[in-house]
Amino acid sequence: ASACVKHYACNNQENYRLTNSSEISLRALNDIYLYPFRYVFKHANPKVVMTSYNKINGVYVNESHYLLQRKIREEYNYKGLIISDWTAVVDKGRTISAGLNVEMPPSKRDFSDLDQSFNVTFTEADLIERKREIDVALSAILSKEKCGIEYDFDKIHNEARMLARNSLVLI
């Protein structure tokens, strides 16, 4: 069992969420929107992350090499699965090339016509790398590898209660 971190990233509105493009500077993207994900990957070692529906600067998250490979895989050293939100894959070829491991739900499309039906041709090396990533993640999940995080539940619970007691909500 593992937690699934979602929705990566900039999933901040429901209107037009399937087609919206969040136009964000690289600095704001990294310093504000990706910071919580970086923190979770560093401290919680999740085994699954789900991409969001939206585009960031005109590119769907699950088609973004920058977001999936450069940020998650390389910079955050993430070894888990990257999955799409439900029916979020628009171009399967681009998602394979960018680094998406699992399309949710599994597509009924046939791999034999991917190159003809989609805009980006992926390589055999892309498929081999996606398979390797899936194997590594599944191995960790099946081995019930622990992330090594220790916490004091009672302390956290008491701090949360104190914050609630000291909070004021105006209705």
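The values are calculated or read from the model by the stated rules, or taken from the named source; none is laboratory data. Source: prediction; values computed, not measured. So basically every Cβ, Gly included, is an ideal-geometry build from the backbone, and we count neighbours across all protein chains shown. Just so you know, the surface numbers come from the protein's heavy atoms only, side chains and all, with ligands and any DNA or RNA stripped out. Shrake-Rupley method; radii C 1.70, N 1.55, O 1.52, S 1.80 Å.
Some notes on this structure:
- Any hit, segment 60-67, residues being buried (at least 17 other Cβ atoms within 10 Å of the Cβ), in contact (Cβ under 8 Å) with a residue 40 or more places away in the chain and either touching a Phe, Trp or Tyr at 6+ places or on another chain (Cβ under 9 Å) or farther than 25 Å from PHE122 by Cβ (or both): yes
- In segment 70-81 there is no residue that is open to solvent by less than 50 Å² (accessible area, probe 1.4 Å), closer than 16 Å to THR19 by Cα and part of a helix (DSSP H, G or I).
- Of all residues in segment 1-10, those being farther than 14 Å from GLY58 by Cα and assigned to a loop (DSSP other than H, G, I, E, B) number 3.
- Matching residues in segment 39-54 - criterion: being open to solvent by 50 Å² or more (accessible area, probe 1.4 Å) and either touching a Ser or Thr at 6+ places or on another chain (Cβ under 7 Å) or farther than 17 Å from ILE83 by Cα (or both): TYR39, LYS42, HIS43
- Selection within segment 93-121 - buried (at least 17 other Cβ atoms within 10 Å of the Cβ), modelled with pLDDT under 85 and in contact with an Asp or Glu (Cβ under 8 Å, 6 or more places away or on another chain): PHE118
- Within segment 84-108, restricting attention to residues that are charged (D, E, K, R) and in a loop (DSSP other than H, G, I, E, B), the residue that is farthest from LEU67 (Cα to Cα) is LYS108.
- Close pairs from segment 125-144: first in a helix (DSSP H, G or I), partner charged (D, E, K, R) and open to solvent by less than 60 Å² (accessible area, probe 1.4 Å), Cβ under 7 Å, at least 6 apart: ALA137/LYS47; ALA140/LYS47; ILE141/LYS47
- Some residue of segment 16-31 being farther than 27 Å from THR121 by Cβ and in a strand (DSSP E or B): yes
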